[in-house]
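Asks: Take this structure first; my questions come after.
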Amino acid sequence: MLPNAPRLLAYALPAVPLAALALPMTVIVPSAYAKEMGVPIAAVGFALLVVRLFDAVTDPVVGYFSDHVGGRYRRKLWFALGIPLILVGSWMTLVPPQGAGAGHLAFWGMFLSLGTTATALAYAAWGAELTPDYKERNRVAAFRETVTVIGTVLVTATPALLPAFGFTTQRDVLWAIALAIMVLLPFFGGVALFAVPEPQNRSTTRLDIRDGLRHLGRNKPFLRLIVAFFLNGLANGLPASLFLFFVAERLGGAGQEPVFLLIYFFCAVVSVPFWLRLAGRLPKHRVWAAAMLLASVAFISAVLLPSGALVLYGIICVVTGFALGADLMLPPSIQADVIDVDTAASGEQRSGFYFAIWALAQKAALAFAVGIAFPVLALSGFDPAKGLRTEMGLTMLAVLYAGFPVVLKLVATALMWRFPVDGSEQARLRATIEARLG
């Protein structure tokens with residue numbers, strides 16, 4: 001039975017607080033720790049890199065056990081287990097005490113990451129298994145990612161709304177976001193647990209770790225997708241991590257950052273129906289590749305923007321935001337199809353483990369974005385904590401923000417254009433899986 005709209009909405013609601021957590025960790029936290037707490041920018045980058053290295057261990061482990069522990073309710077169990085950890089970790093990370101430094105960020109970032117891993121992996125696997133249909137998976141992902149963007153927009157609007165209540169710093173913004181997570185995550189998580197069914201486990205066998213890794217290594221569509229996914233994640237992570245610096249320091253638009261983020265994410269929301277309809281007519285991997293190409297064509301001009309070119313930058317945000325709708329919606333749907341390749345070959349449905357690998361690739365991309373970009377900027381003569389803003393540093397900021405990401409996206413586009421799993425191939429895989437179930 002295909003999930004109806006109310007059930008999909010109930011499933012999508014936890015994406016609001018999860019998105020409210022994701023954006024500040026990528027965009028606001030590095031800037032707040034560096035600018036307002038005086039932590040050297042290279043130390044901030046190193047601390048976040050440590051958190052992602054921790055993920056390199058915990059993601060596959062949690063993913064493996066989430067497939068094998070919990071019985072009939074394995075997705076719901078792991079989804080619920082991570083929520084208390086997220087609540088504690090997000091408060092300590094986003095609302096640090098006075099004097100907190102890179103060590104505090106690293107420790108509580110790892111604590112938060114463990115909770116997020118448990119909940120987010122189960123959440124992604126839950127959605128991938130709600131329907132076996134090639135096109136309907138686009139709809140599941142569209143609901144979740146649209147709500148994700150709405151949550152991101154709400155977070156984006158926070159810096160613009162708080163000054164009316166006397167809150168003006170980035171630390172104030174992080175406090176408001178942490179408070180929202182404390183309220184919304186338990187509530188929306190409870191709605192999903194109550195209203196959305198546990199998906200059917202279509203496994204007919206159980207692999208040991210060695211056999212599981214062997215099947216994973218033989219899954220060529222997965223290997224191709226994971227490379228494209230990592231490259232695109234790095235291409236998105238660099239501008240996300242450097243956005244506040246680019247707008248304020250390169251374009252001279254300090255204070256206008258929330259406006260551009262709202263434009264960007266608003267365009268992503270309104271574009272989802274267009275991309276969903278297009279992906280219903282064309283192979284979803286081709287649609288995703290076209291969206292990445294559109295974003296690249298628009299984004300490359302950001303390298304050349306002079307100080308004060310805020311209107312032109314706003315136009316770039318409109319086009320790239322429109323492309324973002326596909327960038328968010330289609331990869332999770334393609335990931336579900338690639339899991340079918342493994343399930344048909346191995347007999348075990350290992351969505352948790354596969355999404356752990358994808359989450360690890362995504363986090364690694366974000367970690368490299370911060371861990372590489374910030375030290376390179378510091379060496380080039382750009383470090384707000386030390387008051388350094390040389391011309392070379394500002395040029396490197398533009399290259400890392402827009403130039404290098406476009407190169408990465410073009411490579412990812414080339415990898416996905418001739419992707420081997422389309423609608424007919426996925427239907428064949430599902431027939432194999434269902435025949436095994438009898």
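Where a number appears in this text, it was derived from the coordinates with a stated rule and is not lab data. Just so it is clear, the structure is predicted and the values come from calculations on it, not from any experiment. Reconstructed Cβ throughout: ideal geometry from the backbone, glycine too, with neighbour counts over all protein chains shown.
Asks: Once label points are set 7 Å from the Cα along Cα→Cβ at both residue 407 and residue 307, what is their separation, rounded to one decimal in nm?
Replies: About 2.7 nm separates the two model spin labels.
Asks: Quick one: what are the phi-derived ³J(HN,Hα) couplings along segment 421-437, Karplus 6.51/-1.76/1.60 with θ = phi - 60°, whole Hz, x for glycine and proline?
Replies: Per-residue couplings from phi come out as 9, 10, x, 5, 5, 5, 4, 5, 5, 5, 5, 5, 5, 5, 5, 5, 5 Hz.
Asks: Could I ask something else about it? With a Förster radius of 35 Å, plug the Cβ-Cβ distance of residue 56 and residue 345 into 1/(1 + (r/R0)^6) and report the FRET value to the nearest 0.05.
Replies: It comes out at approximately 0.85.
Asks: In segment 281-427, what is the volume of the convex hull around the alpha carbon atoms, normalised per residue and reported in Å³?
Replies: 125 Å³
Asks: What's the lysine pair count for the chain at a Cα cut-off below 21 Å, pairs eight or more apart or interchain?
Replies: 6
Asks: Now for a separate question. Using 0.36 nm times the number of residues separating residue 223 and residue 204, minus their current alpha carbon distance, what extension gain do you get?
Replies: Length difference between fully extended and current span is 4.5 nm.
Asks: If you plug each phi of segment 318-333 into the Karplus form 6.51 cos²θ - 1.76 cosθ + 1.60 with θ = phi - 60°, what whole-Hz ³J(HN,Hα) values come out, in order, with x for Gly and Pro?
Replies: 5, 5, 5, x, 4, 5, 4, x, 6, 4, 7, 7, 7, x, x, 5
Asks: Spelling out what I want: for every residue of segment 413-420, take phi, set θ = phi - 60°, compute 6.51 cos²θ - 1.76 cosθ + 1.60 (Karplus), and round to whole Hz; glycine and proline get x.
Replies: Using θ = phi - 60°, the values come out as 4, 4, 5, 8, 4, 10, 4, x Hz.
Asks: How far, in nm, would the chain grow between residue 68 and residue 422 when pulled straight, counting 0.36 nm per residue and subtracting the alpha carbon separation?
Replies: Length gained, residue 68 through residue 422: 124.5 nm.
Asks: Moving to a separate point now. Can you tell me the relative contact order of segment 5-437? Whole percent, Cα pairs under 8 Å, sequence separation 6 or more.
Replies: 28 percent
Asks: Something else: Do any trypsin sites (Lys or Arg not before Pro) in segment 189-284 lie in a DSSP loop with no more than 14 other beta carbon atoms within 10 Å, and if so, which?
Replies: 206
Asks: Only helical DSSP H runs with n ≥ 4 go in: add -39500 (n - 2.57) per run for the chain, normalise by residue count and round the 222 nm mean residue ellipticity to 500 deg cm²/dmol.
Replies: -26000 deg cm²/dmol
Asks: Based only on Cα atoms, what Rg/Rh ratio does segment 5-437 have, Rh being taken as Kirkwood's radius?
Replies: That ratio equals 0.96.
Asks: Provide the gained length on full extension for the span residue 379 to residue 133, in nm with one decimal, where the gain is 0.36 nm per separating residue minus the Cα-Cα distance.
Replies: Length difference between fully extended and current span is 83.5 nm.
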